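One structure is given below, encoded as structure tokens.
Nothing in this text is a laboratory measurement; each read-out follows from the coordinates by a stated rule. Small disclaimer: the values here were computed from a predicted structure and weren't measured. Methodologically, a virtual Cβ is constructed for each residue, glycine included, from the backbone with ideal geometry; neighbour enumeration extends over all protein chains shown.
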Amino acid sequence: MTMTGWLFASFRGRSMSFFYLVPMPMLAANNAAAGKAIDGWHQAAEWALLALIVNHGGGADPPLHLSRPRHGADAAGINPFRPQ
């Protein structure tokens, strides 16, 4: 996604810098048609990254909600911290 953003900025004629310290070279000349194509790839990469992050977070969520075997004081029903 970083490369598509850099290409998109180059095709639109915008300069970029590395953390506002070092100017980065333009990868291409100003070209509106190619900029639209790269914009599509860039947006697809953004949505894919968002889906990956949501999927990753969702992978941690099911163990919190699935019923699991009770052990020790929890199994005997004397755990004061577990709602009955």
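Quick notes
- Between M16 and M24, the built amide H atoms are under 5 Å apart, and every one of these is 5 or more places off in sequence or on another chain.
- The order of W6, W47, W41, going from fewest to most other C-beta atoms within 10 Å of their C-beta, is W47, W41, W6.
- Modelled label positions at A33 and L50, each set 7 Å beyond Cα in the direction of Cβ, lie 3.0 nm from each other.
- Listing L49, L21 from fewest to most neighbouring C-beta atoms within 10 Å gives L21, L49.
- A protection proxy built from the mean count of other Cβ atoms within 10 Å ranks the segments 8-15, 28-35, most packed first, as 8-15, 28-35.
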